[in-house]
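S.K.: Here it is: the structure, laid out below.
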Amino acid sequence: MKIRTISQILAEENESMFSYDNIVIEKNFLNKGQTWVISGATGIGKSVLAMQLALGLAFGEKTLGLDIFKPSKTLLFNAENPTADIRAYFNGVVSNFTRNSGSDIDKLLDDNFHYADVTNCYYSVDEFISKLETSLCVGNYDVVIVDSLLPLVRCDFSEHSAIANLFCKINVLKSKYNFAMVLIHHFDKPNFRTK
């Protein structure tokens, strides 16, 4: 056993335990092969957060206080919000990014940010996995963000085996296509009743 100080650890140049090809957000915060689940009540801003994260990843710019490792090819599935709302979110979020004047923003967005409007689409777990795999085959994405899981995938989210089945199938795709996934999941606002 070797005991070291922080200064000694920081001064050492050891081989990294990370594969830099798999890093999406620095400090091992999000790597390809990992899944984030962001959950909360309806109307608290999860869709805006998903858009900010998607654009930050596509631009390769720090967003939400997170250091993005490099521009990442990102697919955002929108299952809840009308296109007009998404357009407003998109315009607001893009205007807040600081950009390097030498970069071609339109080309960067066209290359790295793709949007799938799946509002009013209801899929079984197997249908969703099939759609996701088709998208991955065509796009070779680094990150897929699903906003929101509940209206898109029809399964009993209160049943542990249903959730396990969904995540097992997602994990198979993550292994096959080497991407990171962010799942936005909402639960209904509490129903406060008075006697």
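S.K.: Exactly one condition in (1) within 17 Å of the chain's Cα centre (by Cα); (2) more than 19 Å from residue 109 (Cα to Cα); (3) not aliphatic (A, V, I, L, M) is false for residue 165; which is it?
M.R.: (1)
S.K.: Further, regarding this structure: Going by the structure shown, is residue 81 more than 23 Å from residue 183 (Cβ to Cβ) and either assigned to a strand (DSSP E or B) or open to solvent by 10 Å² or more (accessible area, probe 1.4 Å) (or both)?
M.R.: So residue 81 fails the test.
S.K.: Right, next: Restricting the first residue to region 65-85 and requiring it to be within 14 Å of residue 50 (Cα to Cα), which pairs with a second residue that is open to solvent by 60 Å² or more (accessible area, probe 1.4 Å) and not in a loop (DSSP other than H, G, I, E, B) meet a Cβ separation below 6 Å and a spacing of at least six or different chains?
M.R.: The qualifying pairs are 76/115; 78/117.
S.K.: Which pairs have Cβ atoms under 9 Å, sit 6 or more apart or on different chains, and link a residue in region 42-58 that is over 11 Å from residue 182 (Cα atoms) to one that is among the basic types (Lys, Arg) and outside any helix (DSSP H, G or I)?
M.R.: Listed pairs, sorted by first residue: 42/189; 43/189; 56/62; 57/73; 58/73.
S.K.: Out of curiosity, is residue 13 of a type outside the set (Phe, Trp, Tyr), closer than 27 Å to residue 169 by Cα and modelled with pLDDT under 80?
M.R.: No; evaluated as a whole, the condition is false for this residue.
S.K.: List, please: which pairs have Cβ atoms under 6 Å, are six or more places apart or on different chains, and start with a residue in region 103-122 that is more than 21 Å from residue 140 (Cβ to Cβ) and end with one that is open to solvent by 60 Å² or more (accessible area, probe 1.4 Å) and at pLDDT below 85?
M.R.: Every condition considered, the pairs that remain are 105/99.
S.K.: Determine whether residue 120 is within 16 Å of the chain's Cα centre (by Cα) and on the phi > 0 side of the Ramachandran plot.
M.R.: No: the conditions fail for residue 120.
S.K.: Would you list the helices (runs of 4 or more DSSP H) that sit entirely within region 103-189 and hold 3 or more residues that are modelled with pLDDT of 90 or more and open to solvent by 50 Å² or more (accessible area, probe 1.4 Å)?
M.R.: 125-139, 160-177
The values are calculated or read from the model by the stated rules, or taken from the named source; none is laboratory data. Quick caveat: nothing in here was measured; it's all calculated off a predicted structure. FYI the Cβ positions are ideal-geometry reconstructions off the backbone, even for glycines, and counts take in every protein chain you see. Side chains included, ligands, DNA and RNA excluded: accessible areas come from the protein's heavy atoms. Shrake-Rupley method; radii C 1.70, N 1.55, O 1.52, S 1.80 Å.
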